[in-house]
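Note sheet for the following structure.
The values are calculated or read from the model by the stated rules, or taken from the named source; none is laboratory data. Note that the structure is a prediction, hence the values are computed from the model and not measured. Cβ placement follows ideal geometry from the backbone for every residue including glycine, while neighbour counts extend to all protein chains displayed.
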Amino acid sequence: MKTIIFIPPNGNLKKHDFSLNRIVKEFSKYSRINCILLYISKEKETYNDSNYDNIIKVKSTKELFKNLNTLKYDIIFSRSWMHAYSFSAELVKKFDNVIVNIKDWNFSKKKEYRFLFGNDDDFDAIKYIFKNAKKVLSHYTSDQAKIWAKKYNVSKDKFIFFPEYCNSFDTEIPSSRKKNRIVFAGAFSKSSYPIKFFVSKDMYRTIKVITKQSLNLDYIFPPKFYDSLNHLDYQDFLFENEFNKYFNIKKGEELNHKIINNYGYSIFSPFINKYRNKKLFKYAVPSKFAFYLEANLPIIVNKEMKSLSKLVTKYGLGIVVSNKDIKNLKNIIKNKDYDKIVRNIIQYKKKFSYKNIKLEKLLCN
């Protein structure tokens, strides 16, 4: 019996983060893996997920570390992202056999990072993680791993390409699905943020160009993100939602890909402006990829997202576009064999699955 302790970013459980849920759902099929969730929460309500063998809620970081010292385990799996890397680095310092699953990196310079976020603690933390964690799992491909290995003077074998994979294989295509309805599912930063590092201005431009073609476009946000929208930070998006009949902002649901089943296509960021730092997305396969695949939705992706567009092209999973192509998207969609793309997705997601990558061997060896 192997025991894995799963710890969310900064110890705080985010219900809209599918990653841990997907992994543990796969492990629940194996009796030889014992999965424990250890998380911080001051709320009275306890998180329930039958896929875990045990769920331990604590009230502070100090209490979390204290609990870890009393638990017998084989692996600590630390899910992490920007502004949570210092916490993961502390886990690596204090405990053995810590695997860190990183979600993103800003790729800015220290000075820029301090301006954007008020500190640059993540730089020392990510360096420590790269050098000392048992393994580093990320949604960046081996091309990015080679760059990091050289920069931080570590073996490239430490980095493992680990996007969110599929573990739902429905073949259902609702009869109500309409090809002219496009969806973006997820969240993004304030539209006042600089275009060099953030997607928001490109997402706004996407609204204008796509809806001008009488294509329907919906942005579906995680519940907490939706509830936090305000006029100051997202006034441009809220204006379109109010007055653009082809655009809607909708509240999503936690861990449910079926809410997007009735759309015809899904998107990432169709526009990528010339100022954006390509390191952010060039070698990334974001978590939305599995979410869209599980809903059997053809994908629209910009060719500048090199690794992702390569998968879409190779396996016939949707449409790869340039900035110029977006202006003619309606005709491009019209000329595609939609049913063939959907069949390709249904076949491909069996390959793009946790079972197929031998998850137990990857984490426990």
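Name every residue in region 14-30 that is modelled with pLDDT under 90 and under 15 Å from Ser80 (Cα atoms), in order of residue number.
Across region 14-30, the qualifying residues are Lys14, Lys15, His16, Asp17, Phe18, Ser19, Asn21.
Out of Phe271, Phe291, report the one residue that is assigned to a helix (DSSP H, G or I), modelled with pLDDT under 95 and aromatic (Phe, Trp, Tyr).
Every option except Phe291 fails the conditions.
On the basis of being over 19 Å from the mean Cα position of the chain (by Cα), of a type in the set (Lys, Arg) and either not in a loop (DSSP other than H, G, I, E, B) or not assigned by TED's automatic domain parsing to the domain that holds Asp143 (or both), does Lys336 make the cut?
Taking the combined requirement at face value, the residue satisfies it.
Only one of these is loosely packed, with under 15 Cβ neighbours inside 10 Å and within 21 Å of Glu164 (Cβ to Cβ): Tyr52, Tyr39, Tyr85, Tyr30. Name it.
Matching residue, one of Tyr52, Tyr39, Tyr85, Tyr30: Tyr30.
Given the criterion assigned by TED's automatic domain parsing to the domain that holds Lys278 and under 20 Å from the mean Cα position of the chain (by Cα), identify the matching residue among Val209, Val136, Val183.
Answer to the check: Val183.
Name the residue, out of Ser214, Ser192, that is surrounded by fewer than 20 Cβ atoms within 10 Å (Cβ to Cβ), part of a loop (DSSP other than H, G, I, E, B), more than 21 Å from the chain's Cα centre (by Cα) and at pLDDT below 90.
It is Ser192.
Counting only residues that are without any contact (Cβ under 8 Å) to a residue 12 or more places away in the chain and more than 17 Å from Leu217 (Cα to Cα), which one in region 318-346 is surrounded by the most Cβ atoms within 10 Å (Cβ to Cβ)?
Filtering first and then ranking leaves Arg343.
Within region 246-268, which residues are in contact with a helix residue (DSSP H, G or I) (Cβ under 8 Å, 6 or more places away or on another chain), assigned to a loop (DSSP other than H, G, I, E, B) and within 22 Å of Ser214 (Cα to Cα)?
Result: Tyr246, Phe268.
Given the criteria part of a loop (DSSP other than H, G, I, E, B), farther than 30 Å from Lys351 by Cα and assigned by TED's automatic domain parsing to the domain that holds Arg22, does Phe107 qualify?
Yes, satisfied.
Restricting attention to region 219-234, which residues are surrounded by fewer than 19 Cβ atoms within 10 Å (Cβ to Cβ) and under 25 Å from the mean Cα position of the chain (by Cα)?
Pro223, Lys224, Phe225, Tyr226, Asp227, Ser228, Leu229, Asn230, Asp233
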